[in-house]
Amino acid sequence: MPYSYDDQNIFAKILRGEIPNNTVLETEHTLAFNDIAPQAPVHVLVIPKGPYVCYDHFALEASEAEIVDFTRTVGKVCEMTGVGPGGEGFRLISNAGENGVQEVPHLHVHILGGRNLGRMLQKG
């Protein structure tokens with residue numbers, strides 16, 4: 001299935017510097033920043049700088065350097081925010097497509113922590 005990337009999405013605009021963000025960590029291939037409407041005391045978004053729609057798109061088409069950088073950035077952000085090693089724990093979420101309720105068509109993961117987050121899904 002081909003992926004169609006919309007370069008006018010909000011994260012593409014953030015990457016181009018058209019919209020400001022509260023950067024937590026920036027690397028060669030990845031940007032991590034605080035969510036503007038946090039759902040937990042720690043709520044950081046991590047996005048690749050490349051034009052990837054969702055995680056499967058990224059996993060199939062990103063370079064090894066992009067994949068390693070993105071993954072290591074997630075780990076570093078967890079460590080920096082205190083939810084990672086030795087912390088109380090966190091949830092990592094990546095929504096994809098309509099049924100996954102993806103709101104922005106640019107791969108992003110949410111790192112949420114700092115409190116008990118409850119059950120992830122309810123039967124329904």
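All of the numbers you see were taken from the coordinates with simple rules; none came from a lab. Because the structure is a prediction, the values reported are computed rather than measured. With ideal geometry, Cβ positions are generated from the backbone for all residues, glycine too; neighbour counts draw on all protein chains shown.
A few comments on the model shown:
- In the stretch 41-81, residue farthest from the chain's Cα centre (by Cα) [restricted to those that are of a type in the set (D, E, K, R) and under 17 Å from Gly114 (Cα atoms)]: Glu79
- Residues in the stretch 1-12 that are surrounded by 14 or more Cβ atoms within 10 Å (Cβ to Cβ) and either of a type in the set (Phe, Trp, Tyr) or free of Cβ contacts under 8 Å to residues at least 40 places away in the same chain (or both) were compared, and the one that is farthest from Ala96 (Cα to Cα) is Phe11.
- Tallying residues that are more than 18 Å from Ile111 (Cα to Cα), crowded, with 18+ Cβ neighbours inside 10 Å and either in contact (Cβ under 8 Å) with a residue 40 or more places away in the chain or among the hydroxyl-bearing types (Ser, Thr, Tyr) (or both) within the stretch 59-83 yields 0.
- When the stretch 1-11 is filtered for residues that are under 14 Å from the mean Cα position of the chain (by Cα) and either polar (S, T, N, Q) or over 23 Å from Leu112 (Cβ atoms) (or both), nothing remains.
- Residue tally, condition of a type outside the set (Phe, Trp, Tyr) and within 19 Å of Leu92 (Cβ to Cβ), over the stretch 50-63: 6
- The set of residues in the stretch 40-58 being free of Cβ contacts under 8 Å to residues at least 40 places away in the same chain and over 28 Å from Gly82 (Cβ atoms) consists of Gly50 alone.
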